[in-house]
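Undergrad: Structure below; questions to follow.
The values are calculated or read from the model by the stated rules, or taken from the named source; none is laboratory data. Because the structure is a prediction, the values reported are computed rather than measured. Note that each Cβ is placed from the backbone with ideal geometry, even for glycine, and that neighbours are counted across all protein chains shown. Only protein heavy atoms, including side chains, enter the accessible area calculation; ligands, DNA and RNA are left aside. Shrake-Rupley method; radii C 1.70, N 1.55, O 1.52, S 1.80 Å.
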Amino acid sequence: MTAEQPALEFRLPGEWWEVPLGSQAEAAESIRALVRREYGRRDEDAAVRAEHRRRLTDAAGRAISAGATQQHIALRLASRATLATTLIEYRPALPLGDRAEPALVAERLVAGLFGATAGADSDRLWSDFADDGGVAFEKGDSIVLRRSRRIASGTGSDEAEALQVDYWLTEPGRAAAVLVGFSTILVDAGPMMIELFDAIIAAADWRSAGRTGDLRAELASG
């Protein structure tokens, strides 16, 4: 079985680093190069380098194990230096039926992924989804489901809180969905980060559809 290919082409604001996901070793080497580039080789920065390498390598390893198709790490957002935000895309194989209408696919996602009450009618499904913090919006021929939550990041004495924002996008013309997850430790800037992530999702192109527009212009006009 061949690995799934990335579904979306992202136009990411600022500067980002793409981590190759062909193997654990390839991802780890890319992250080592990233940390060296950002923090140099000074002895006084050794602990910072080690912490970033560990955290980012662990995240890449989990992504590879879960079948991720692409991963990007934010280096600078609006002139602010950061290694605190990660984007990971997955193309999971889900039992979403045979019909490809976006509304039907989205409803099956809500029922299967967001803890909706078994056997509930459509109105109840969407009500449960909204009560759980879910938001739905259209993106061209797709429907996007978004859910955000705070999670623990790291372990032991290194444990901190992170904001996890997941977007499920119905694939145009298919009974399938793509998951794009953003994770950031910039929790205090949560509303601003969600606004940024929404804009990134809105500006992303399906790889078969080509590129249009400009993200910076969309952010400025929004």
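Undergrad: Report the accessible area of Thr57, computed with a 1.4 Å probe over the heavy atoms of all protein chains in place, in Å² rounded to the nearest 10.
TA: Per-residue accessible area (Thr57): approximately 50 Å².
Undergrad: Please compute, for the alpha-carbon atoms of the stretch 1-152, the extent along each of the three principal axes and give them in descending order in Å.
TA: Per principal axis, max minus min of the Cα coordinates gives 61, 36, 28 Å.
Undergrad: Can I ask one more? Just how much of Leu186 is accessible, in Å², when a 1.4 Å probe is used and the result is rounded to the nearest 10?
TA: The value for Leu186 is about 30 Å².
Undergrad: Ordering Leu21, Leu56 from largest to smallest accessible area (1.4 angstrom probe), what's the sequence? Working shown, then result.
TA: On the way: Leu21 35, Leu56 5 Å².
So, going from the largest accessible area down, we get Leu21, Leu56.
Undergrad: Let me ask something else. Which ³J(HN,Hα) values, rounded to whole Hz and listed in residue order, are derived for the stretch 9-16 from phi using the Karplus coefficients 6.51, -1.76 and 1.60 in 6.51 cos²θ - 1.76 cosθ + 1.60 with θ = phi - 60°, glycine and proline given as x?
TA: These are the phi-based 3J(HN,Hα) values: 10, 9, 10, 9, x, x, 10, 10 Hz.
Undergrad: Continuing with the same structure: Among 67-76, 176-185, what's the highest-first ranking by average C-beta atoms within 10 angstrom per residue?
TA: Listed from highest to lowest mean packing, they are 176-185, 67-76.
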